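For reference, the structure discussed in these notes is given below.
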Amino acid sequence: MTEESGLRAAPGQAPRVTMEVEQGATVAQGAPVARLRSAPEVCFVAPMPARLARIELLQGHRLSEIVLFREPGGDAVRHDTSKAKTEAGLRRLMQNAGFWPWLGRRPFGGMPAPDERPAAIFVMATDTRPLAPDPRQALTGREPSFERGLHALARLTTGPVFVCQQPGPSLFDAGAHDRRVRAVECGPRHPQGATGMRVHALYPATLDRPVWDIHAEDVAHLGDLLATGVLPMTRLVRIGGEALREGRLLRTRVGADLRGLTYRIAQPGAHLLLSGSPLDGHASHWLAPRHRQVTVLPRQAAAARPHWLLAALTRSGTPKPVIPNAALDQAFGNALPAAAFVRALGSGDDETAMKMGLLSLLEEDVALADYVLGGDAHLPDLMREMLDRIRTEFAA
């Protein structure tokens, strides 16, 4: 457990918040430190007993960073769960306890609106990204909590609840749930276990049919919250990468200090800390709320910029041609016409990309394809630009 933790918005997001406490104040684990301005019932909570060391807000009260220092011997907030048997009570409990930001939605990403009702929910009990920890390990000994959380999630939708897992024994008792809760087996290779590929294959998201996703460990946390009134704020995290002396699998807190996690196991010299996997992680000081990987890479020296004339002669003004091949198809799990989809992203053809399944995908789902293309296509950036444009033009 690191001495510092940080609360940040996901990359590309900066929600407007109202601070609940002032800088320097001491808070208990699970106490709200900020609330969404548009939905005050949705809280961002302290991941440990702590003192607020620094609060950074952007213009318009948009969340940038909240830094907390651990206070030994602090308490944890205990919530009243008596009203959680109803859907409205369950939603309010999840939002007040700080669970809501752990939910993901498609299309467009981010957390769901407080009153949004999903057409389906995907529980991800598999992760095929390089070096990812096996979610089954996080559920070992927590089967009753997982069952309880899964049963609660099913009350938030009238559609199916898919539990995506690797081949093997089922993670839940099918007889204890209605037929809407289904186990789905995924292949072992990436991106067969990517959330977007499962959504696209099983229940594609549309503008008027949002789909939620949640990690299986968080479902077990929800089960503990319902049983005890206290939301666990921990993660089973894999630390890996080329700049480490040794990799580690450990349990740490949400928002953990990545420097503290990698201290003593990182090799000497400059290195780059990523929250997330080598494919889709981003440089960060803190572990992102939905991440379960930390990647440490050697920091490369900045390449000298070529002379402007040489750059003009060698850089094309049009995107490089996309050549269909088996590697590109496999990078999309053979779930959609890969070359045509990449061309639609590159040319900004929103309607064609939507017909092919864009609304079920996020940046993380095309990270492997971008790697296969050498990173020159910048697929995650193109996808985010397209999704933002569609949200403005089509979903308004």
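Per-structure values
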item	result
Amide H contacts under 5 Å for Arg105, placed H, 5+ residues apart	Gly110, Asp213
Listed residues Asp370, Asp224, Asp115, most fluctuating in the chain (Gaussian network, C-alpha, under 10 Å)	Asp115
Heavy-atom accessible surface of the chain: percent carbon and sulfur, 1.4 Å	51 percent
Largest-first ellipsoid semi-axes for the range 322-364, taking √(5λ) over the Cα gyration tensor eigenvalues, angstrom	16, 12, 8
Structure-based [θ]222 nm, the chain - -39500 (n - 2.57) summed over DSSP H runs of at least 4, per residue, nearest 500	-7000 deg cm²/dmol
Table column - 3J(HN,Hα) (Hz), the range 70-85, Karplus curve with 6.51, -1.76, 1.60, x for Gly and Pro	5, 10, x, x, x, 9, 10, 5, 10, 9, 7, 9, 5, 9, 6, 6
The range 1-121, dipole about Cα centre (Lys/Arg Cβ +1, Asp/Glu Cβ -1), debye to the nearest 20	420 debye
The range 101-232: relative contact order in percent, alpha carbon pairs under 8 Å with at least 6 residues between	39 percent
Extent along principal axes [Cα atoms of the range 257-305; Å; largest to smallest]	36, 25, 15
Charge dipole (debye, nearest 20) of the chain; +1 at Cβ of Lys and Arg, -1 at Cβ of Asp and Glu	300 debye
Dimensionless Rg/Rh of the range 149-246 - Kirkwood Rh, Rg from C-alpha atoms	1.01
Loop GluC sites (Glu not before Pro), the range 1-98 (other Cβ atoms within 10 Å of the site Cβ: 15 or fewer; DSSP)	Glu3, Glu22, Glu41
Residues with amide H under 5 Å from that of Val42, placed H, sequence gap 5 or more	Leu36
Of Arg305, Arg209, Arg253, the one that fluctuates the most in a GNM where the chain has Cα springs shorter than 10 Å	Arg305
Relative pair counts by distance (%), Cα atoms of the range 119-184, 10 Å bins	20, 55, 23, 2
Pair Phe394, Lys355: separation of 7 Å Cα→Cβ label points (nm)	1.2 nm
Å² per residue, accessible surface of the chain at 1.4 Å	47 Å²
Other-chain or far-sequence residues with amide H under 5 Å of Val294's (modelled H)	Arg238, Ile239, Gly240, Gly276
In Å², nearest 10: area of Thr140 left accessible to a 1.4 Å probe	100 Å²
³J(HN,Hα), Karplus 6.51/-1.76/1.60, whole Hz, each residue of the range 176-192, x for Gly, Pro	8, 10, 6, 5, 5, 8, 10, 8, 10, 8, 10, x, x, 9, 6, x, 4
Fraction of beta bridges assigned by DSSP in the chain that are antiparallel (%, nearest 5)	70 percent
For q = 0.07, 0.13 Å⁻¹, Debye-computed log10 I/I(0) when each Cα of the chain counts as one equal scatterer	-0.33, -1.19
³J(HN,Hα) computed for each position of the range 248-265 - Karplus, 6.51 cos²θ - 1.76 cosθ + 1.60, integer Hz, glycine/proline x	9, 10, 8, 9, 9, 8, 4, x, 4, 6, 5, 5, x, 5, 9, 4, 6, 10
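The values are calculated or read from the model by the stated rules, or taken from the named source; none is laboratory data. All values derive from a computational prediction rather than experimental measurement. All Cβ positions, glycine included, derive from the backbone under ideal geometry; neighbour counts span all protein chains shown. In case anyone asks, the SASA skips ligands and DNA or RNA and just uses the protein heavy atoms, side chains included. Shrake-Rupley method; radii C 1.70, N 1.55, O 1.52, S 1.80 Å.
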